[in-house]
Amino acid sequence: MVIRRIGVVGAGLMGTNIALDFALAGFPVHITDARPEQLQRSRGTVEENTRLLEAHAALGEPPAEVLARIRYCETLGETVSGTDLVVEAVSEDLELKRALFGRIAAEVSAECVLASNTSSFMPSLLADATGRPERFLVAHYWNPAHLIPLVELVPSPHTDADVLETLRLL
């Protein structure tokens, strides 16, 4: 399994920095938020964090190249279309997350890996909402996600071992 393009749903602090982390690693990333003003704040945060990384000689390429890999999308469909991995980073509301995963699953290919950045819920509480529990796991990032290289991967009892291994190697 190869991850080529990533979608991030939720452009708050965690989602924004998760998107930046993937862009720093060379992945094209699409990010969205239900609130347009939050998506605009996300853009500003990414730009500022990238400037800070450059100022501390922590970028291996020009900031414009990192920034160009992040696309800010107005709709969920635009964000997740053609992705190999979608990371959900919305507020810790179980019913919100379950409903969102149902919508995401309807928009992506059967091979797409679905992950939640949740710190509160067991993967089994979310996996069945996707209709493909073998392609689901929790990928809980530490904050700030673009600086701390620590992601807790928590599979559900049904998560395919290849899914877990692919994310472990990202």
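The values are calculated or read from the model by the stated rules, or taken from the named source; none is laboratory data. Quick caveat: nothing in here was measured; it's all calculated off a predicted structure. Cβ atoms come from the backbone with ideal geometry, glycine included; neighbour counts cover every protein chain shown. In case anyone asks, the SASA skips ligands and DNA or RNA and just uses the protein heavy atoms, side chains included. Shrake-Rupley method; radii C 1.70, N 1.55, O 1.52, S 1.80 Å.
Residue by residue through segment 37-49, which ³J(HN,Hα) values in whole Hz follow from phi under the Karplus form 6.51 cos²θ - 1.76 cosθ + 1.60 (θ = phi - 60°), with glycine and proline marked x?
Once rounded to whole Hz, the list reads 5, 6, 4, 5, 4, 4, 4, x, 5, 4, 4, 5, 5.
Mind listing the long-range amide H neighbours of His30? Cut-off is under 5 Å, sequence gap 5 or more, other chains count too, H placed in the peptide plane at 1.01 Å from N.
For His30, the qualifying residues are Ile6, Gly7, Val8, Arg71.
Which whole number in µm²/s is D for segment 20-170 by Stokes-Einstein, with the Kirkwood Rh taken over Cα pairs at 10 °C and 1.306 mPa s?
This corresponds to a translational diffusion coefficient of 99 µm²/s.
What residues qualify as long-range amide H neighbours of Val113, i.e. H under 5 Å apart, gap of 5 or more or another chain, H built at 1.01 Å from N?
When sequence neighbours closer than 5 places are left aside, the close amide H contacts are Leu85, Val86.
If one computes the Cα centroid of segment 119-170 and of segment 23-90, what distance in Å separates the two points?
20 Å
Per residue, how much accessible area does segment 1-52 have with a 1.4 Å probe, in Å²?
42 Å²
Could you quote the convex hull projected area for segment 83-136, Cα atoms only and averaged over all directions, in nm²?
Working: hull surface 12.5 nm².
Its Cα hull, projected and averaged over all orientations, spans 3.1 nm².
Residue by residue through segment 108-124, which ³J(HN,Hα) values in whole Hz follow from phi under the Karplus form 6.51 cos²θ - 1.76 cosθ + 1.60 (θ = phi - 60°), with glycine and proline marked x?
Once rounded to whole Hz, the list reads 10, 5, 5, 8, 4, 8, 10, 9, 10, 8, 4, 10, 10, 10, 5, x, 5.
Let me know the charge dipole size of the chain about its Cα centre in debye, to the nearest 20, where only the beta-carbon of Lys, Arg (+1) and Asp, Glu (-1) is charged.
140 debye
I'm checking a number: the convex hull volume of the Cα atoms of segment 113-170, normalised per residue, in Å³. What is it?
69 Å³
In whole Hz, with x marking every Gly and Pro, tabulate ³J(HN,Hα) for segment 75-84 from phi via Karplus 6.51 cos²θ - 1.76 cosθ + 1.60, θ = phi - 60°.
10, 5, x, 5, 6, 9, 4, x, 8, 9
Considering only Pro144, Ala129, Val8, whose Cα is most displaced toward the positive end of the charge dipole of the chain, charges sitting on Cβ of Lys, Arg (+1) and Asp, Glu (-1)?
Val8
Round to a whole number: what % of the accessible area of the chain belongs to carbon and sulfur, probe 1.4 Å?
Details: 4440 of 8180 Å².
Ligands and nucleic acids excluded, carbon and sulfur reach 54 percent.
At 222 nm, what value in deg cm²/dmol follows for the chain if DSSP H runs of at least 4 each add -39500 (n - 2.57) and the sum is divided by all its residues, to the nearest 500?
-12500 deg cm²/dmol
Can you tell me the accessible area per residue over segment 107-170, all protein chains present, probe 1.4 angstrom, in square angstrom? Could you put the intermediate results ahead of the total?
Working: 3260 Å² over 64 residues.
Using a 1.4 Å probe on heavy atoms only, each residue of segment 107-170 averages 51 Å².
Taking the chain as a Gaussian network, where each spring joins two C-alpha atoms under 10 Å apart, which residue of Ile31, Ile104, Ile148 fluctuates the most?
Between Ile31, Ile104, Ile148, it is Ile148 that shows the largest mean-square fluctuation.
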